[in-house]
Amino acid sequence: MAGLVKDYDTYKKNRNVTFIGICTSTTASVKSMEQQVDQFKLKPFANMLDAGGATAVAYGVPKNARFWLVVIDGGGKIAYNASKGWSWGGTGPLAGRSIHSTQIEKSLQDYPEGILGAVKPPKDMETAAHYYDLQQFNLLDIELKKAGAPASKEFADLVRQRVADTRVWRKDQIETLAKTDPVQAYREAMAFVAAFPAAPERAAVNESGRALLKLPEVKKEIDAEAAYQRMLVPEMKKTTTKDRYAKMVQPLLDAYLRSYGSTQYAAAVKNACEAHRLAVETATP
């Protein structure tokens, strides 16, 4: 967490850098993640809960990783992927520097136009441009409303149109995803609704989500996630010894698997419980 905040402080004055903190913990909830965001001061960059694990898989993050650092370059390719910020060795010009930092700087050179293109924001719109880079649309809206001069208003209109185009693209993407992966499409639809509460596309995306939730395979997965949070997570948070795990968590896990063992989410639950069991067994004398 501290490293992420440090990187943000280092690069926040650069255009076209997006910071996203992704919580992959299977015992986390949106509420607990929000508490961590406040505790570790992970603002203003975006933070998301990867409840289904799809983002972790896309970024090549191993299961049960406590921390993983990924850099995506301007072309959408993974430029750095490791359990921490490794440094260059040797005696060359890069010696001692963090590898992911040099990869970030290389991407900024290779893709100078970045997210907004070659548009240079007026001085009073630089904060707005920064929030656009961070994809923090609520903060962005506040800044865009401050536009006064003609050039600033023109920039604000451009940014609003870019955001609108992004929303339409995401809506179409969710509709396409619904045909191949309805469970993930439902998660994406709900994330869209939360991110854009006043968007013109919100009603259509929300309706798509409701329709997807009526599908038996989607409802079963979402029920499996809710049941895990209700049945197992509270006890896992209190369990610090192998005896308590055997007495309290294991029976709950067995009951959970009897009901939801056929779901995709159950595989993540088994992995989470196994990791917790190993952790408490190692800690128990």
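Out of all the residues in the stretch 85-95, which are surrounded by 11 or more Cβ atoms within 10 Å (Cβ to Cβ) and either at pLDDT below 90 or under 29 Å from His276 (Cα atoms) (or both)? Give the steps one after another, and end with the answer.
At the first step, the residues of the stretch 85-95 found to be surrounded by 11 or more Cβ atoms within 10 Å (Cβ to Cβ) are 85-88, 94.
Correct list: Gly85, Trp86, Leu94.
Annotation: of all residues in the stretch 232-263 being within 18 Å of Ser25 (Cβ to Cβ) and surrounded by fewer than 15 Cβ atoms within 10 Å (Cβ to Cβ), the one that is farthest from the chain's Cα centre (by Cα) is Thr240. Taking the stretch 58-89 as the range and being closer than 16 Å to Lys106 by Cα and assigned to a strand (DSSP E or B) as the test, the residues that pass are Val70, Val71, Ile72, Ile78, Ala79, Tyr80, Asn81, Ser87. Just to verify a result, which residue in the stretch 120-132, among those that are charged (D, E, K, R) and modelled with pLDDT of 90 or more, is farthest from Ala199 (Cα to Cα)? Applying the filter and picking the extreme gives Lys123. Exactly one residue out of Ile142, Ile174 is touching an Asp or Glu at 6+ places or on another chain (Cβ under 6 Å), outside any loop (DSSP other than H, G, I, E, B) and in the same structural domain as Pro121 (by TED's automatic domain parsing), and it is Ile174.
Would you say Glu274 is of a type in the set (Asp, Glu), in a helix (DSSP H, G or I) and touching a helix residue (DSSP H, G or I) at 6+ places or on another chain (Cβ under 8 Å)? Judged against the criteria, Glu274 is not a match. Could you tell me whether any residue of the stretch 209-231 is outside any helix (DSSP H, G or I) and surrounded by 18 or more Cβ atoms within 10 Å (Cβ to Cβ)? No, that holds for no residue. Given the criteria at pLDDT 90 or above and either loosely packed, with under 14 Cβ neighbours inside 10 Å or in contact with a Cys (Cβ under 9 Å, 6 or more places away or on another chain) (or both), does Pro285 qualify? So Pro285 does not fit the description; no.
Does Ala129 qualify as being crowded, with 19+ Cβ neighbours inside 10 Å and farther than 27 Å from Asp73 by Cβ?
Values: crowded, with 19+ Cβ neighbours inside 10 Å: yes; farther than 27 Å from Asp73 by Cβ: no.
Against the criterion (crowded, with 19+ Cβ neighbours inside 10 Å and farther than 27 Å from Asp73 by Cβ), Ala129 does not qualify.
Residues are listed down the side, and each one gets a yes or a no for (1) out of contact with any helix residue (DSSP H, G or I) (no Cβ under 6 Å at 6 or more places or on another chain); (2) not small (Gly, Ala, Ser):
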residue: Ala194; (1), (2): yes, no
residue: Glu207; (1), (2): yes, yes
residue: Leu212; (1), (2): no, yes
residue: Leu215; (1), (2): no, yes
residue: Glu225; (1), (2): no, yes
residue: Gln229; (1), (2): yes, yes
residue: Lys247; (1), (2): yes, yes
residue: Thr263; (1), (2): no, yes
residue: Leu278; (1), (2): yes, yes
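Examine the stretch 97-119 for a residue that is within 30 Å of Glu274 (Cα to Cα), modelled with pLDDT of 80 or more and either buried (at least 17 other Cβ atoms within 10 Å of the Cβ) or touching a helix residue (DSSP H, G or I) at 6+ places or on another chain (Cβ under 8 Å) (or both), and state whether such a residue exists. Break it down stepwise before answering.
Here is the first cut: in the stretch 97-119, the ones within 30 Å of Glu274 (Cα to Cα) are none.
Checked the stretch 97-119: no residue is within 30 Å of Glu274 (Cα to Cα), modelled with pLDDT of 80 or more and either buried (at least 17 other Cβ atoms within 10 Å of the Cβ) or touching a helix residue (DSSP H, G or I) at 6+ places or on another chain (Cβ under 8 Å) (or both).
When the stretch 240-261 is filtered for residues that are modelled with pLDDT under 95 and not in a helix (DSSP H, G or I), the ones remaining, listed by number, are Thr240, Thr241.
The values are calculated or read from the model by the stated rules, or taken from the named source; none is laboratory data. None of the values given here were measured: they were computed from a predicted structure. Cβ atoms come from the backbone with ideal geometry, glycine included; neighbour counts cover every protein chain shown.
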